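The values are calculated or read from the model by the stated rules, or taken from the named source; none is laboratory data. What you see is a predicted model; the values in this text were computed from it and never measured. Cβ placement follows ideal geometry from the backbone for every residue including glycine, while neighbour counts extend to all protein chains displayed. Calculation scope for accessible area: heavy atoms of the full protein, side chains included, ligands and nucleic acids excluded. Shrake-Rupley method; radii C 1.70, N 1.55, O 1.52, S 1.80 Å.
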Amino acid sequence: MNEKIDALMEKMCALEKEILRELQKKELEFFYEVRQGRVRFTEEARARHRRLVKRFASYIRDSRFMIILTTPVIWACFIPIALLDLCMVVYQAICFPVYGIPKVKRSDYIKLDRRHLAYLNWAEKFNCEYCGYANGVLACATEIAARTEQYWCPIKHALRMKSMHSRYRHFFEYGDAEHYRQQIETVRRSFEDVAKSEEPEAAAPAIT
C-alpha cells in the first residue's frame, strides 16, 4: 500500500468529521436541534418560517415554463431509483453475510427531514424529500458497491479517476502482483474501520 496516500486519506476522513462538527454548530445559529433523530425548532423560529412561506400559486407563477415542462422527466426517474433501492437492500441482505462484509446502514444515507421546514410550501417539501431520497439511495448504493469491490477486486486503477469511493484507500496498487496474491484474503476482510466510523459523534449543545 502507498503509505503517503493512506495518510492523506486519513486526513481527508478527519476533515470530513470536522466539517460535520461545524455543521452541527448551525443548529444553534438557526435555532434548532436534532434529538433522537428528530428536528426541533424553537417556537420563535417556526413562527418566522411560516411568515416566509411562498404560496403554491406564486411558486408556479414565478417558475419558468421549461422548468414546469421538464418536471415529469425528473419524477420519472423515481421508478429506477426506487428499483435500485430495492435491489441494493435485497443484494446486501443475501450476499454480504456470505462474503463477511458488514451491511451498509440505509438510514445513514437516506435522510428525509426537509419536510419539517415551515418556510417551504407543500410542493417544495415534496421536491426536497425526493431529492434527499434519490441522492441518499445513490450514495448508499455507491457504498454497497465499494464494499463489494473491496471483496472481489481491491485493485486501484492506473488511469486517473475523478473521485474515489470510501474503500479505495484499502486497495492494492495497480500492478503490485506480489502483495495482491499474498494479502488478498486479509484485504477482503479489512472492515474494522467501518465499525469505528459508525461510532456516534458527540451531541451538539442543546438549545436553551
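Table for the structure above
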item	result
Computed FRET value (nearest 0.05) for ALA177 with CYS13, which takes r as the C-beta separation and R₀ as 25 Å	0.30
Inter-label distance for ALA45 and ALA123, nm, one decimal - labels placed 7 Å from Cα along Cα-to-Cβ	2.7 nm
Area of PHE65 that stays accessible when all protein chains are in place (1.4 Å probe, Å², to 10)	140 Å²
Accessible area of segment 103-190 belonging to carbon and sulfur atoms, whole % at 1.4 Å probe	55 percent
Rounded FRET efficiency, nearest 0.05, which uses the C-beta distance separating ALA139 from LYS4 and R0 of 25 Å	0.35
List GLU173, GLU143, ordered by accessible area with a 1.4 Å probe, largest first	GLU173, GLU143
Stokes-Einstein D (µm²/s) once Rh is taken as the Kirkwood radius of segment 63-108 over alpha-carbon pairs, at 37 °C in 0.692 mPa s	252 µm²/s
Candidate residues MET88, MET9, MET164: accessible-area rank, largest first, probe 1.4 Å	MET164, MET88, MET9
Of LYS105/LYS125; LYS17/LYS54; LYS125/LYS196; LYS11/LYS54, those spanning more than 32 Å from alpha-carbon to alpha-carbon	LYS17/LYS54; LYS125/LYS196; LYS11/LYS54
Intensity falloff of segment 32-130 expressed as log10 I(q)/I(0), Debye formula with alpha-carbon point scatterers, at q = 0.18 Å⁻¹	-1.00
Alpha-carbon centroid distance for the pair segment 69-132 / segment 147-168, whole angstrom	24 Å
Translational D in µm²/s for segment 89-208 (Stokes-Einstein at 37 °C, 0.692 mPa s, Kirkwood Rh from C-alpha pairs)	192 µm²/s
Selection of chymotrypsin sites (Phe, Trp or Tyr not before Pro), segment 130-175, meeting DSSP coil and at most 12 other Cβ within 10 Å	TYR174
